[in-house]
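This report refers to the structure that appears directly beneath it.
Just so it is clear, none of the values below were taken in a lab; they were calculated from the coordinates. Computed from a predicted structure; not experimentally measured. Virtual Cβ from ideal backbone geometry, glycine too; neighbours counted across all protein chains shown.
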Amino acid sequence: MSLSPRAWFGIAVSLLLAACAVGAPWLAPHDPLEQDLLASSLPPAWAADGEARFLFGTDSLGRDILSRLVWGARPALIVAVAGALLAGVVGTFLGLAAGFFGGWWDAVVSRLVDVWMSFPAVLLAIVLVAVIGTGLWSVVIAIALIDWTRFARVVRAEAMQQSRLNYVVAARTIGLSRAATLAREVLPNVLPLLLTLVTLEMGIAVVVEAILSFVGLSVSSDMPTWGGLIQEGRLYVNQTPWLLGLPVVALALAVLGFNALGDGLRESLDPVVAR
Amino acid sequence: MSAPVLEIEGLHVLLRGERREPDRLMLRGVDLSIRPGEVHALVGESGAGKSMIARTVLGILPHRAQVASGHVRLLGHDWLKMPPAARRAMLGRDVSLIPQDPMSALSPAHTIERQICEVLRLHLPMSAQAARERALALLDAVRIREPARVLHQYPHELSGGMRQRVLIAIAFACGPRLIVADEPTTALDVTVQREVLRLLRTMQQRGGGQSGGTAVLFITHNLGLVAKLADRVSVIHGGRIVERGLVAEIFDAPHAAYTRALFAATPRHDRPAEALRPIDPAVTAALDVEAAAYDNAWARAR
Amino acid sequence: MPIGLVLRRLAWAAPTLVGVLVVVFSLLRLAPGDPVAMMIGPGATQDDIRTLRALYGLDRSLPEQFALYARDVLAGDLGRSISLKENVGSLVAERLPMTLELAALALLVATAMGLVAALAAALWRGRWPERAIDAVTGFVTAIPDFLWALAGILAFGVLLPVLPVFGLLDADLAFTASSGFVVLESLARGRLDVTASALEHLLMPALALALPLAAMVARVLKASLLDAMAQDWATIARVKGFSRRQVLLRHALRNALSPALTLTGVQLTFLIGGTVLIERIFGLPGIGSMAIDAVINRDLPLIQGIVLTFAALFVVVNLLVDLANAWLDPRQRSR
């Protein structure tokens, strides 16, 4: 199975993130919470006033930014994977029901999608977090509740197309085994599409978490998140622009990496999946 | 006798192979000559190369095709060596096309008026008002009722027959010396075909302003039409002209075996019960062998 | 004017709007945190709290509250903001024009950029400009407006400080737009210095919003253009004597717009939704920035009013897209 350079890029980024998330205690040069007020607001090591021991510089409380970035990969990855999978499960389930069973299911789900998409995404996120509360898993649930529509719409369209093809077969079977037909025939054809959507969603999830942190509504613990770093960085952007710049780059890299992963994997899987 | 409107000499057109496929010769040394005002039929089966000739004359060869050798003289100009801008000046004005499929030949998003007037104003110094009046006159000439109303309409609001009339109007708009008619009635209902052909004949004779009429390169696979409309005919098979001459002579006494087989294959009104006679494979096989030998010789000579 | 289209769209939208209201209504009342307690000062008695709750109708049952609210909304009354103590309707009316101007500017920029990119890619098809444009659009479309906004602040606010990063106008310019449309009104009143300042402040936010949409428009329109150029009528236009460039601009473009609009139309609502965060980042006084604080303060009437406004805005936008589509594609008109 030969992979395109794009796919390799995606895999590399994902592995890097995973490594940071899992191996933070060993990879991070400093304790992310350790403050050193004598070394506060230092620029990255390659700049004029930078110090070698703080590769990416420090924030206003003297905390090493590189370590905070590395530790920040953990909540980012958890939110990305869990959020995307949860959104995918909910959205696919509803999309399949709407597309395959049609009728009442379709009417309800379509209406629901319409209502959901009438909310500005950010607003919905904030309202949901207000209801569910802050914390990592709240964010995961919030992401699933916001973006399930992305999966539902696409899966519904696919399922409708498929079920039209299998209509004759479906018409001759009884209720329960229709569900089996659904699982056995529709689902495998939808999987490559889902793969792309899940990786796309992962990129979106990471950004949503960052946005919520930016607004002050995400994880409430001391553990650094990229969004929290961005919030701090925005406040002091004129004094310490790298505090804003570095997490932005990290986020962008994560988003591009996840997208590349999805595209790359789908490209290489396509000839294998019989269409 | 005045100079020919179109002169093709030894035209070879190559189709470059995709990926690992070899190049193929689509036209093998085609010679063709059309005199002013002459209706010249080009007859052959599908894939024989009729469209290739048309596309070369019109300058719209597909991406992968290229002229390997030969000359094309259009109204005395060395067509193949002309700069693109000069060619564009002649296209639409001195030589034009009546396409095969009227359903897809007109832009869906523009009115009929726009599509007729734009070719007028591109080539002739005309105001919008003058162009509009000429467009109305053209629509009248092609026997379209309510031309003013049609001008404001979009192609999808017209029937196939009406669209073909509009296309004929566009072809004759600037008074061309040569029109390439690429199976202009194939896509139409039989009932409409007769009218459109009659119309074509009338306009061709009138010539849109030219004395002696407009020359037409009439591409078809229908021998009946050839007999009715054409002055001269060239028979093409496998990218080569196997026979050419006056229609009356050829129809009376065809020389080439292929031509004879072609005529024999045509169903006849007066002998309806007769079984259809497909072209003898031996005839085409012989021609294919000739073509292969030709290809080899040609490749060696390059 | 396709009245049928308009009516059908509105008929579909009505239950959706009701649904939106129900959802936000219920969600907010499920949220922990008492809006009254949040705004009331220390030293308030239980009586005071109870009186305030009664004033805002918070002591009644959920369905009852909803019914009362629905009745009020239909009469045009959106209630009173708990945190800002003003009429919700007037608060929205005050700040909506700002958001609309931002969105309109972003849309303009996105359309212009996308159009140029698509035309360039189609024109230089098969050569390096096309590949470069494809690579750039692929990259740009993946990055959300949030990140573009921050990148913009870093690049043009800090590194190369050429653009302002906060607020709508320079502090020393005294100007109030009675209509709320600062850019338009300053232009109309001849205060070009104000117009310039406003546009300067709006440039980065608009760009951040516009970039993802522009990239998407570029890709979709390019595909649509190439599709159009492959049609028979495009070849025949060449035979009329038009160059490839002329055919692209005169014939193909007009035909390619409708399918492109169909595919990108839905993105418009995302652009408008993006104003919530972008206004916050850049400190612009639109309804978006008001929304975030409203949620944090559990200002129920205000949140409901804002959500309803956005939903209605989306309906209008979708309707406009439908109408534009009908206008662009003559085949859809005669239905």
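A few points about this structure:
- Value of [θ]222 nm, deg cm²/dmol, for chain B, DSSP H segments ≥ 4, -39500 (n - 2.57) each, nearest 500: -12000 deg cm²/dmol
- Taking the Cα centre of chain C as reference, the dipole from Cβ charges on Lys and Arg (+1) and Asp and Glu (-1) amounts to some 1720 debye.
- Chain A: calculated mean residue ellipticity at 222 nm from DSSP helix runs of at least 4, using -39500 (n - 2.57): -24000 deg cm²/dmol
- Dimensions in Å of chain B - Rg and Dmax from alpha carbons: 20.1, 61
- Membrane-span-like helices in chain C, defined here as complete DSSP H runs extending at least 15 Å along the helix axis by their C-alpha atoms with mean Kyte-Doolittle hydropathy no lower than -1.0, are C:3-30, C:62-74, C:88-123, C:128-142, C:192-229, C:253-264, C:267-282, C:300-328; this is a sequence and geometry rule, not a statement about a membrane.
- Partner shielding of C:115-127 amounts to 0, given as the average count of beta-carbon atoms from other chains within 10 Å of each residue beta-carbon.
- In summary, the aspartates and glutamates within cross-link reach of C:LYS85, defined as a Cα separation below 15 angstrom excluding same-chain residues under 8 places away, comprise C:ASP77, C:GLU94, C:ASP293, C:ASP299.
- Take the convex hull of the alpha carbons in region B:152-302; its mean projected area over all directions comes to 13.1 nm².
- Note that region A:207-216 has calculated 3J(HN,Hα) couplings of 5, 4, 4, 5, 5, 5, 4, 4, 7, x Hz, one per residue in order, obtained from phi through the Karplus relation 6.51 cos²θ - 1.76 cosθ + 1.60 (θ = phi - 60°); glycine and proline are x.
- Tail weight of P(r) past 16 Å, computed on alpha-carbon pairs of region C:286-335, percent: 55 percent
- Backbone amide hydrogens, once placed in the peptide plane, bring B:LEU27 within less than 5 Å of B:VAL13, excluding anything fewer than 5 places away on its chain.
- The string of couplings for region B:154-162 from the Karplus curve (6.51, -1.76, 1.60, θ = phi - 60°) is 9, x, 5, 8, 10, 6, x, x, 5 Hz, one whole number per residue in order, with x for Gly and Pro.
- Separation of alpha-carbon centers, region B:260-277 and region A:21-100, rounded to whole Å: 84 Å
- Exercise: per-residue mean of other protein chain Cβ atoms within 10 Å, B:84-96: 3
- Among C:64-73, B:115-124, the order from most to least packed when residues are scored by Cβ within 10 Å on average: B:115-124, C:64-73
- Rounded to two decimals, the Cα-based Rg/Rh of chain A, with Kirkwood Rh, is 1.07.
- For B:ILE241, residues with placed amide H under 5 Å, excluding near neighbours: B:ASP31
- Other protein chain C-beta atoms within 10 Å of residue C-beta, averaged over C:149-155: 5.
- Within straight-line cross-link reach of C:LYS222, lysines at Cα separation under 25 Å, skipping those fewer than 8 residues along the same chain: C:LYS240
- Of C:LEU199, C:ASN255, C:LEU169, farthest towards positive along the dipole that unit charges on Lys, Arg, Asp, Glu beta carbons give region C:152-270: C:ASN255
- Amide H within-cut-off set for B:GLY70, under 5 Å, with H built and near neighbours excluded: B:HIS12
- Cα long-axis angle, helix A:65-96 against chain A (0 to 90 degrees, to the nearest 10): 10 degrees
- Counting only alpha carbon atoms, the long axis of helix B:128-141 and the longest principal axis of chain B meet at about 60°.
- For region A:249-259, Karplus couplings with θ = phi - 60° (6.51, -1.76, 1.60), whole Hz, Gly/Pro x: 4, 4, 4, 4, 4, 4, 4, 4, x, 4, 4
- Charge dipole (chain C, unit charges on Cβ, about Cα centre) - positive-most of C:TRP233, C:LEU284, C:LEU154: C:TRP233
- Electrostatic dipole magnitude of chain B [Cβ: Lys, Arg +1; Asp, Glu -1; Cα centre; debye, to 20]: 620 debye
- Between the helical axis of B:190-206 and the longest alpha-carbon principal axis of chain B there is an angle of about 80 degrees.
- Here the Kirkwood formula puts the hydrodynamic radius of region B:36-190 at 16.7 Å, using every distinct Cα pair.
- For the protein assembly as shown, the share of DSSP beta bridges that are antiparallel, to the nearest 5, is 60%.
- Residue exposure proxy: A:SER138, A:SER4, A:SER118, C:SER179, ordered by other Cβ atoms within 10 angstrom of their Cβ from fewest to most, comes out as C:SER179, A:SER4, A:SER138, A:SER118.
- Working from the Cα coordinates of the protein assembly as shown, the gyration tensor eigenvalues give, after taking √(5λ), semi-axes of 66, 32, 29 Å in decreasing order.
- Where the Cα pairs of region B:1-86 fall when distances are cut into 10 Å bins, in %: 16, 48, 29, 6, 1
- Positive end of the dipole of the protein assembly as shown (Cβ unit charges, origin at the Cα centre): among A:VAL129, B:PRO184, B:VAL242, the Cα lying farthest that way belongs to B:VAL242.
- For B:LYS81, the aspartates and glutamates whose Cα comes closer than 20 Å to its Cα, not counting residues fewer than 8 places off in the same chain, are B:GLU7, B:GLU9, B:ASP31, B:ASP94.
- Working ranking of peptides C:153-159, C:129-135, C:280-286, B:233-239 by packing, defined as the average number of other Cβ atoms within 10 Å per residue, highest first, is B:233-239, C:280-286, C:153-159, C:129-135.
- Hull volume in cubic angstrom per residue (convex hull over the Cα atoms of region C:89-232): 154 Å³
- Both numbers refer to the Cα atoms of region C:99-145; Rg and Dmax are 12.8, 41 Å.
- Order of B:ILE8, C:ILE292 under a 10 Å beta carbon neighbour criterion, fewest first: C:ILE292, B:ILE8
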